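S.K.: First, the structure itself, so that you have it in front of you.
Just so you know, all these numbers are worked out from the coordinates, no wet-lab data involved. Just so it is clear, the structure is predicted and the values come from calculations on it, not from any experiment. Please note: Cβ atoms are built from the backbone with ideal geometry, for glycine as well, and neighbour counts cover all protein chains shown.
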Amino acid sequence: MHQQQQISPSSQPSLFLSVSVTDPAKITNAVQPYISYNLTTKTNFPDYQGQEKTVTRRYTDFVWLYDRLFAKYKGIFIPPLPEKNSVEKFRFSAEFIEMRRQALDTFVNRIASHHELQHSEDLRTFLQTDEQTMERVRSQDTGIFKKKQSDLMQIFRDVQSKVTDVILGKEKPAEESNPEYEKLKRYIYELEDHVAEAQKHAYRLVKRHRELSQCLADFGKAIKLLGACEGDTLGTAFSEIGAKSEMLSYKLQREAHHLLMNFEEPLKDYVHAVQSIKGTIAERANAFRQQCELAETIKLKEIDLKNLKLFRSEKILEAELELEELKADGQEATRRFENIVRLMNEEIVRFQDQKTEDMGLAFHEFAKGQAHLATAIADAWRSLIPKLDSL
Amino acid sequence: MMGFENQGSDEAQLYASREELESLVLDDDDDNNNSGNGNGSGSNPLFRSNGGANGDDSQYHHHPLSPSFAEISTTEDDDPLLSSPSGYKNPTSFNSFLEPPSYADAVFRSFDGDRGKQINGDGVVSSSSPSSSSDYLKISVTDPQKEQDLNNSLVPGGNSFVTYLITTWTNLPEFNGTEFSVRRRFKDVVTLSDRLSESYRGYFIPLRPDKSVVESQVMQKQEFVEQRRIGLEKYLRKLAAHPVIRRSEELRAFLQVQGKLPLLKTTDVASRMIDGAVKLPKQLFGESVVSAAVDPDEVVQPAKGGRDLLRMFKELRQSVTNDWGGTKPPVVEEDKEFLEKRKKLQDFEQELTNVSQQAESLVKAQQDMGETLGQLGLAFVKLTKFESEEAKFNSQKVRAADMKNVATSAVKASRLYRELNAQTVRHLDKLHEYLGVMLTVNNAYSDRSNALLTVQTLLSELSNLSFRIEKLEAAASKVFGGDRSRVKKIEELKETMRVTDEAKNRAVREYERIKENNKMELERLDKERHDDFFSMLKGFVVNQAGYAEKMATVWATVANETSGYAKSS
């Protein structure tokens, strides 16, 4: 999926950045075998090395990129990664590898076509540095960028502060009281459930295709044997039908794969996207809380200062300086929060647009696949009717 | 793009269509409830399709997936489409472009009708034979009633049984009348079946329903009675379809004679056993009483049960001789053609069993596919409703509209699969039926083997007697002046031999007769099988093609409507 992103009305020549993820290869001489992919970048972005460059990356590199973007671009819905799936990983089936490759390709290209994310330094690092440097960069990351850990810590802190507030009887408005936003949050949470259910059934449908394929193959074989027993015209009829059955079995197998890659996977991607948004929602809550906490602290400090001024303490200067700092921090926190809010509003529109496109395509592929399959089945059987009549 | 223009009406339409979907579902439900209450109360008995036969091929039908047409359609506990509550709604415009289920039926019914067969489940093996195309003999079994056996009740009020109303419509001359009914109980059916197997040895006689004592304890009384009723009906219809048996006196008596069934339970009466035992000691000591030696008429029947213990012993010994002896039996089954045919039939039976199993798997896979499609459709319906309820953006509305298309198509496809399956079951059920027929063939071949064994036994006996006579004559001639006791003995043996010879002749004639019956029946079977299977295959193929085409249309519409997305990727 190669997308071209045009930088809107400026005198610059149109900039583009497109990536393709190809050639998955199993690397076995490491501690644990893994899959490496070729990433080929075609671009005319000024900071990039040349028109075209290819590097090799592995899944954990993609995870690194995601974590960096998530930490730095709060408010933006970072495109979702395919899941870790550590069980499947060990099997490395061809289908799994293909599914992952496709998902990673989509991931990178979505970043490359996002008007803000595409300018990220981390993206450039990811797309351009050699393998060893990448590994070094990746392992340098500690603490703050380890998303999972920070999430956990945040959750603890949240619980802590809530409990403290209750105990201290503080009426802290730790959450936004924005009804629109509440609706959005509820929408996102419910959406995940609905889409997940649809995806579950889509996956089952793939399985059903495979099962039917197998049954047709077995049925065809058995009918052919019966035909051999009968001989004569009836025997011919049986073997014709058996042969057709086996042919259709193969077609069903193909359709199962097509369904998986072009319908089930996009649905899975949809689920992941919604989950990614939930991450952003958490970040927004954090920013809001920080803002509030700072506002509280500033208020308290102002009261302190007033008191100090009353008593003409020598600490006044110190306190005033502190207050200045806090006010600056407060402004910064407010700015950050408001930035997230603004970005989120934009992102939601973009998300909805994109999902309509994505799902529209997925539906189209689904319907097309089913129509082709049904037509093939109809043709196959129809072609037998004159033969049967002639016997 | 869809949905951009009139958003307001779009929303209204989205809501309406969801209700339409539900009413669509309910329509389905209603139709199913009307169209095939096979296992419910005994509704219209003539509308019974070729579902899994209960009696004759019961051993093949404990698989849950070989139910009747009705069961396929109605048993979906986990089908979400059928879980919607509330009242039946009138078909809306939505339903008008989804043809009601019976349309498909009609298409295929007309095809099958051309073939001159009755679709509605006579359980018929044969298509109408050319010579008697205007004859008819239609039977229905209805109205089970509980009755008391007043005669034999040792325990007052203890011995109750169920009777069924057997109604016949016919224009066959041997019946006096065109429509009449009798009441019969299951025991009568057993009697009929036994007499037929005795009178029509060598024929492929349809198997009667099981006695199934165990099931009668386990199942609910009502269910059991219903199952039995269906089984009886199928059985009688099969008898009526057999070109020779339908003209039998036994069947006529069963169908027409009021009151007690005028057939002997069997020629093999329990009291005979006692007779046999009385005769036994005398025969064992070699003193055969002339009249009790071998009743020539009896050889026409196989040695059974208590009827003739001695005969049984002899035939057993003979069969052992045949198997182990090295001596070639006097009459060899030398009909090579017969042996070849039998081997072929055995192979056929084996492959048929295999196909029948695969057919069941196929049906199950089709059913699962339909179910999952339905569930997928339903999930999208919910998603559609969700997205359109609080749609803030146009893109959501557009997506909801797209989704609705997919959802309704998935539901339609799901329904098509269910119909396809119901038809497939109907066609492929022929396979099951023929498995049952193979059993009847095996029985007919057993008749033949038994008859042959009887002949061989008698031939052995004859040669045995002849040998003894020779010995006696040789010994007697050495005695000067005559040996009165020996001469008397020789006379007796000669008489026995004469009777035995007569019996042997009859046995041979019986054997030949059975052979002839076998041959005739085999030809009939071949022809019918050929016709039946051809029609089954064609039905299957037409069915698959028809439904696939319908599905293709459904999906092509959606593909067209979403083709805009394809270009933009």
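S.K.: So which of B:471/B:494; A:355/B:382; A:207/B:385; A:251/A:355; B:187/B:519; B:343/B:504 end up more than 22 Å apart by C-alpha? The partial results should precede the final answer.
M.R.: Values: B:471/B:494 13 Å; A:355/B:382 17 Å; A:207/B:385 27 Å; A:251/A:355 30 Å; B:187/B:519 32 Å; B:343/B:504 29 Å.
Over 22 Å Cα-Cα: A:207/B:385; A:251/A:355; B:187/B:519; B:343/B:504.
S.K.: Specify whether the C-alpha gyration tensor of chain A places it in the rounded, prolate or oblate class, a ≥ b ≥ c being the square roots of the eigenvalues: rounded for a/c under 1.5, otherwise prolate if a/b is larger than b/c and oblate if not. List each step's numbers first, then the result.
M.R.: Numbers: a/c = 2.91, a/b = 2.28, b/c = 1.28.
It comes out prolate by the Cα gyration axes.
S.K.: Stretched out fully, how many nm does the piece from residue A:98 to residue A:328 gain, at 0.36 nm a residue minus the Cα gap? Walk me through the numbers before you get to the answer.
M.R.: Details: separation 230, 0.36 × 230 = 82.80 nm, distance 5.03 nm.
The residue A:98-residue A:328 span can extend by a further 77.8 nm.
S.K.: Sticking with this structure for a sec: With unit charges on the beta carbons (Lys and Arg positive, Asp and Glu negative) and the dipole taken about the Cα centre of the stretch A:17-141, which residue among A:109, A:81, A:69 sits farthest to the positive side?
M.R.: The Cα lying farthest towards the positive end belongs to A:81.
S.K.: Take every residue in peptide B:552-564, count the Cβ atoms of other chains within 10 Å of its Cβ, and give the average of those counts. Show your work: numbers first, answer last.
M.R.: Working: counts 10, 4, 4, 10, 7, 2, 7, 10, 4, 4, 10, 4, 4.
Mean shielding count: 6.
S.K.: May I ask you to compute the full-extension gain from residue A:383 to residue A:236, defined as 0.36 nm times their residue separation minus their alpha-carbon distance, rounded to one decimal in nm? Show your work: numbers first, answer last.
M.R.: Working: separation 147, 0.36 × 147 = 52.92 nm, distance 1.47 nm.
That pair, residue A:383 and residue A:236, stretches by 51.5 nm at full extension.
S.K.: From the cross-link list A:72/A:299; A:200/B:412; A:53/A:368; A:268/B:538, which pairs have alpha carbons spaced over 31 Å apart?
M.R.: Working: A:72/A:299 29 Å; A:200/B:412 20 Å; A:53/A:368 36 Å; A:268/B:538 42 Å.
Over 31 Å apart, Cα to Cα: A:53/A:368; A:268/B:538.
S.K.: Per-residue counts of other Cβ atoms within 10 Å, averaged by peptide: what ranking do you get for B:398-410, A:31-43, highest first?
M.R.: Values: B:398-410: 25.2, A:31-43: 16.5.
Ranked from most to least packed, the peptides come out as B:398-410, A:31-43.
S.K.: Here is a further query. Helix A:265-310 versus the longest principal axis of chain A: what is the Cα-based angle in degrees, 0 to 90, to the nearest 10?
M.R.: Result, in degrees: 10.
S.K.: Just tell me how shielded A:182-190 is by partners: mean number of partner chain Cβ atoms within 10 Å of each residue's Cβ, no decimals. Don't jump to the answer; show the numbers that get you there.
M.R.: Working: counts 0, 2, 2, 0, 1, 6, 0, 0, 4.
Counting Cβ atoms of other protein chains within 10 Å of each residue's Cβ and averaging gives 2.
S.K.: Under the classification rounded if a/c is under 1.5, otherwise prolate if a/b is larger than b/c and oblate if not, where does the stretch A:173-389 fall, given a ≥ b ≥ c as square roots of the Cα gyration tensor eigenvalues? Please report the intermediate quantities before stating the final value.
M.R.: Numbers: a/c = 6.89, a/b = 5.18, b/c = 1.33.
Here the stretch A:173-389 falls in the prolate category.
S.K.: For residue A:17, enumerate residues with amide H under 5 Å from its amide H, sequence gap 5+ or separate chain, H modeled in the peptide plane.
M.R.: Here the answer is A:5, since their amide H atoms fall under 5 Å of that of residue A:17.
S.K.: Let me ask another. Which angle from 0 to 90°, rounded to the nearest 10, does the C-alpha axis of helix A:232-259 make with the longest principal axis of chain A?
M.R.: Long axis of A:232-259 versus the principal axis of chain A: about 10 degrees.
S.K.: What does the structure give for B:392-404 when I average, per residue, the other chain Cβ atoms found within 10 Å of the residue Cβ? Numbers along the way, then the final one.
M.R.: Numbers: counts 7, 6, 4, 10, 5, 2, 6, 9, 1, 1, 6, 5, 0.
That average works out to 5.
S.K.: Using only Cα atoms, find the angle between the long axis of helix A:131-140 and the longest principal axis of chain A, and express it within 0 to 90 degrees, rounded to the nearest 10.
M.R.: 50 degrees
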